[in-house]
Amino acid sequence: MENKKKHTYSRKEKGVRPSYAPDEKRPCEEETEEGLICGRNAVKELLASGRDIDKILTARGEREGSIVVLVSEAISRKIPVIEVEKRKLDMMCASSHHQGIVAMVPPRDYADIDDILAEAEKRGEAPFLVICDGVEDPHNLGAIIRSAECAGAHGLIIPKRRSATITPTVVKSSAGAIEHLKIAKVTNLVNAIEELKEKGVWIYAADMDGTNYDKTDLKGAVALVLGNEGAGISRLVEEKCDFRISIPLYGKINSMNVSAAAAVLFCEAARQRHS
């Protein structure tokens, strides 16, 4: 693939791709501080990622099972491990299940678009990005991050406003995938899309009225746009997309949950890109 400049990819003429239908709107959850990683698997992936950890808290009396291994690794890395009452962890993690262990980390350093494109270049692959336009439910965002990482995406972009952000619930729902996927938070999604297009990335909006996803070439430099649970993709963002793609449905319900639809699209993209 010929590059005209750094992180620039040929926008060859393509077909269209698939989408989901917006499901019932759910408001963003109010969360505690962002620097909490709750749950055994999330803490395990955090330790594996090499990210800085301020300290680890465990529930008093729960030094058993996989927690023993996590605590042992933390101690070997000279990370402070403190036992506290279970109710303290309950309060810290709010709605997120902590399973007796919580890690406290410094504020997350978000990536930027060039970081994501550099990751694709490092792997020797055409860029594969996900853009979430107003996904408000943290469980949905976490599940999308998990599916995107499993499918080999290089990064995910979220807006600073009117969107779920990286909270303990998102981290827990991602099952640790968030520690392995670059996340960019941008002020303006339209400007971010314009930047991607200038660098040769094709933009595909997931929409009910698009072309079937299995009839689309997803092997090149692509970004898949997923919309809000209730309203779908905003008008200004959709106008900037190159194509609309859809997932055909055969039941009586005319929509899929956004995170479920995302998994379908990501798996098809992965299948094409690695076949």
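Any read-out appearing in this document is the output of simple, stated calculations on the displayed coordinates, not a laboratory observation. Because the structure is predicted, anything quoted here is derived from the model rather than measured. No Cβ is skipped: glycine too gets one built from the backbone with ideal geometry, and neighbour counts run over all protein chains shown.
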Self-check item: Relative contact order, percent, region 36-104 [alpha-carbon distance under 8 Å, six or more residues apart]
Solution: 55 percent
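Relative contact order of the chain: what whole-number percent is it, with Cα pairs under 8 angstrom and at least 6 residues apart? Could you put the intermediate results ahead of the total?
Working: 615 pairs, mean separation 83.7, N = 275.
Across the chain, relative contact order equals 30 percent.
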Quiz prompt | Environment charge of HIS180, counting only residues whose C-beta is closer than 13 Å and scoring Lys/Arg +1, Asp/Glu -1 | solution = +1
Quiz item: When DSSP assigns beta bridges and you keep just the ones with both residues in region 36-104, what percent turn out antiparallel, to the nearest 5?
Solution: 65 percent
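When DSSP beta bridges are limited to those with both residues in region 204-275, what percentage is antiparallel, rounded to the nearest 5?
Values: 1 of 8 bridges.
The antiparallel fraction comes to roughly 10 percent.
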Self-check item: Reference-scaled alpha-carbon Rg (2.2 N^0.38 Å with N residues) for region 36-104
Solution: 0.97
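For the chain, what is the charge dipole size about the Cα centre, in debye to the nearest 20, if Lys and Arg each add +1 at the Cβ and Asp and Glu each add -1 at the Cβ? Walk me through the numbers on the way to the answer.
Values: 40 positive and 42 negative charges, 92 e Å.
About 440 debye.
Take the alpha carbon gyration tensor of region 113-202, find the square roots of its eigenvalues, order them as a ≥ b ≥ c, and report rounded if a/c is under 1.5; if not, report prolate when a/b exceeds b/c, else oblate.
Oblate is the answer for region 113-202, as a/c is 1.5 or above yet b/c matches or exceeds a/b.
Taking only DSSP H segments of four or more residues, each worth -39500 (n - 2.57), what value at 222 nm results for the chain once the sum is divided by all its residues, to the nearest 500 deg cm²/dmol? Before the final figure, lay out the partial values.
Numbers: 9 runs with 91 residues, N = 275.
That comes out to -9500 deg cm²/dmol.
Rounded, prolate or oblate: which one fits the chain, using the alpha carbon gyration tensor with axes a ≥ b ≥ c (rounded when a/c is under 1.5, else prolate when a/b beats b/c, else oblate)?
On the way: a/c = 2.22, a/b = 1.68, b/c = 1.32.
Note, shape of the chain comes out prolate.
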Quiz prompt | Between region 185-254 and region 41-91, the Cα center-to-center distance that results, in Å | solution = 39 Å
Self-check item: Selection from VAL222, GLY35, CYS241 lying farthest towards where the dipole of the chain points positive, charges on Cβ
Solution: VAL222
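Excluding SER49 itself, what net charge comes from residues whose Cβ is under 13 Å from its Cβ, given Lys and Arg +1 and Asp and Glu -1? Please list the in-between numbers first.
Working: positive: LYS44, ARG51, ARG77, ARG108, LYS182; negative: GLU45, ASP52, GLU73, ASP109, GLU149, GLU179.
Charge balance near SER49 sits at -1.
Where nothing but the Cβ of Lys and Arg (+1) and of Asp and Glu (-1) is charged, how large is the charge dipole of region 113-273 around its Cα centre, in debye to the nearest 20? Please report the intermediate quantities before stating the final value.
Values: 19 positive and 22 negative charges, 50 e Å.
Approximately 240 debye in magnitude.
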Practice problem: For region 113-273, just say rounded, prolate or oblate: build the C-alpha gyration tensor, square-root its eigenvalues into a ≥ b ≥ c, call rounded for a/c under 1.5, and beyond that prolate if a/b exceeds b/c, oblate if not. | Solution: rounded
Quiz item: Any idea what the dipole of region 36-104 comes to, in debye rounded to 20, about its Cα centre with Lys/Arg Cβ at +1 and Asp/Glu Cβ at -1?
Solution: 60 debye
Quiz item: Normalised by the residues of region 65-167, what does the relative contact order come to in percent, with Cα pairs under 8 Å and at least six apart?
Solution: 21 percent
Exercise. Compare VAL105, VAL135, VAL170 in a GNM of the chain, Cα atoms joined below 10 Å, and give the one with the largest fluctuation.
Key: VAL105
